[in-house]
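Written below as structure tokens is the structure these notes are about.
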Amino acid sequence: MPITITSPNPTTPVTLLRPDWQPLVATRALLSTDDDIEKTHPDNLATSLPVTLSWQGGTPPYTVELTSPYHSATLTALLTCTASLTNLHTATTYTCHITDAHQASATTTFTTLPGPRLIALPEPDHAPVNIRDIGGYESLFGGRVRQGLLYRGSHTHAYFPASIANASFITDTLGVKTQLDLRYPQSVIGQTHSNFGSHIRWIHAPINAYHSFTPEQNEIFRHALQTFARPELYPIYFHCQGGSDRTGEIAFLLNGLLGVSDTDLFHDYELSSLSLFPRPITIPYFQEWLAKIA
């Protein structure tokens, strides 16, 4: 029996984000920024949507091969005519090849829409949180910032119980080799290696949140930014405590240097509001920081 692929539609780009993400970010950014996160902002919506691949016909089990210029994966022993494709790259064309038990096959292509690349973790109710790829944004210099190299997020044990599955996903699936820790010295007392394991390089660069660019802080910022000039460290996961402020500063500077527009820089900063941390760009301390770097 031949295989017929029914979705996604190859002529209609698919979204990896909630359709209402922009107005939702604007609304949630105005919520309370009190420290009592569980009471003021308990729902975490900072996650990508899967793409559903569906087909008819053929004989199970099925094998699905997914390829793109940046990503490849194989799903085997599928017993139903559907597969959920997660954590895809944005603004990317994928090819899906389906094979059944008798070697009948079908192929389709689809393209994902541009936009921020949020990351869906295996256990979203555990730490870390507020994770996304800083790549995917269009550059005013031409092209897009590369995806799959720099991930921003919270500390691995922030606010919710840590998850072994989430940590393994970050190192094994995302391929992270380096943890860049931006937290203050008092937060890392006694720490000598990465929370992801001794096989992951740990670099500590304790930058200030917003009230920065003193001579001493300039040296620390320089140290943090120079980390990204070392190809052998990639992919890198960088974080502070919640992944919003100190992490947001570094992401803003990096993407700004790479030619990302102000509009996208502000969107990336405020995306933390989809997680647990309302962060409007109108916060006075963020506006003061913008004035300093202008």
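The values are calculated or read from the model by the stated rules, or taken from the named source; none is laboratory data. Since the structure is predicted, the reported quantities are computational estimates derived from the model, not experimental observations. Glycine also receives a Cβ, built like all others from the backbone with ideal geometry; neighbour counts cover every protein chain displayed. Remember, those area values only see protein heavy atoms, side chains included, never the ligands or the DNA or RNA. Shrake-Rupley method; radii C 1.70, N 1.55, O 1.52, S 1.80 Å.
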message: Which residue is farthest from Ser72 (Cα to Cα), if the candidates are limited to segment 86-105 and must be open to solvent by less than 10 Å² (accessible area, probe 1.4 Å) and assigned to a strand (DSSP E or B)?
response: Ile98
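When the residues of segment 200-231 are filtered to those that are closer than 23 Å to Thr171 by Cα and among the basic types (Lys, Arg), which remaining residue is most open to solvent (accessible area, probe 1.4 Å)? Even if it seems obvious, please write down each step before you answer.
Our first condition is that a residue be closer than 23 Å to Thr171 by Cα; within segment 200-231, this holds for 200-206, 224-231.
After this cut, where a residue has to be among the basic types (Lys, Arg) as well, the list is 201, 230.
Numbers: Arg201: 111, Arg230: 91 Å².
Restricting to residues being closer than 23 Å to Thr171 by Cα and among the basic types (Lys, Arg), the top hit is Arg201.
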Verdict on Asp125 being of a type outside the set (Ser, Thr, Tyr) and surrounded by fewer than 16 Cβ atoms within 10 Å (Cβ to Cβ): yes
- prompt: So which residues in segment 37-59 are out of contact with any helix residue (DSSP H, G or I) (no Cβ under 8 Å at 6 or more places or on another chain), assigned to a loop (DSSP other than H, G, I, E, B) and modelled with pLDDT under 85?
  reply: Pro42, Asp43
query: If you scan segment 171-199, which residues turn out to be surrounded by 18 or more Cβ atoms within 10 Å (Cβ to Cβ) and either without any contact (Cβ under 8 Å) to a residue 12 or more places away in the chain or outside any loop (DSSP other than H, G, I, E, B) (or both)?
result: Thr171, Thr178, Gln179, Leu180, Asp181
- request: For segment 131-170, name all the residues that are touching a residue at least 24 places away in the same chain (Cβ under 8 Å), β-branched (Val, Ile, Thr) and over 18 Å from Ser48 (Cα atoms).
  value: Val145, Thr156
task: Could you tell me which numbered condition Phe160 fails, if it satisfies all but one of (1) farther than 25 Å from Thr90 by Cβ; (2) within 15 Å of the chain's Cα centre (by Cα)?
output: (2)
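Can you say whether Ser198 is within 24 Å of Lys292 (Cα to Cα) and polar (S, T, N, Q), as far as the supplied structure shows? Break it down stepwise before answering.
Details: within 24 Å of Lys292 (Cα to Cα): no; polar (S, T, N, Q): yes.
Considered against the rule, which asks whether it is within 24 Å of Lys292 (Cα to Cα) and polar (S, T, N, Q), Ser198 comes out as no.
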message: With the requirement that a residue be on the phi < 0 side of the Ramachandran plot and not in a helix (DSSP H, G or I), what does segment 247-276 give you?
response: Leu258, Val260, Ser261, Ser275, Leu276
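Of everything in segment 159-170, what is of a type outside the set (S, T, N, Q) and either out of contact with any Leu (no Cβ under 9 Å at 6 or more places or on another chain) or open to solvent by 20 Å² or more (accessible area, probe 1.4 Å) (or both)? Give them in sequence order.
Once the filter is applied, which keeps residues that are of a type outside the set (S, T, N, Q) and either out of contact with any Leu (no Cβ under 9 Å at 6 or more places or on another chain) or open to solvent by 20 Å² or more (accessible area, probe 1.4 Å) (or both), segment 159-170 yields Tyr159, Phe160, Pro161, Ala162, Ile164, Ala165, Ala167, Phe169.
Of the residues Thr11, Thr108, Thr76, Thr63, only one is farther than 26 Å from Val260 by Cβ, in a strand (DSSP E or B) and open to solvent by 60 Å² or more (accessible area, probe 1.4 Å); which? Working first, answer last.
Values: Thr11 fails: in a strand (DSSP E or B); Thr108 fails: open to solvent by 60 Å² or more (accessible area, probe 1.4 Å); Thr63 fails: open to solvent by 60 Å² or more (accessible area, probe 1.4 Å).
From the options Thr11, Thr108, Thr76, Thr63, the qualifying one is Thr76.
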task: Could you pull out the residue among Thr178, Thr173, Thr95 that is in contact with a helix residue (DSSP H, G or I) (Cβ under 7 Å, 6 or more places away or on another chain) and closer than 30 Å to Gly259 by Cβ?
output: Thr178
Hey, Thr108 in contact (Cβ under 8 Å) with a residue 40 or more places away in the chain and hydroxyl-bearing (Ser, Thr, Tyr) or not: yes
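Against the condition closer than 21 Å to Arg117 by Cα, assigned to a loop (DSSP other than H, G, I, E, B) and modelled with pLDDT under 95, how does Leu16 come out, does it pass?
no
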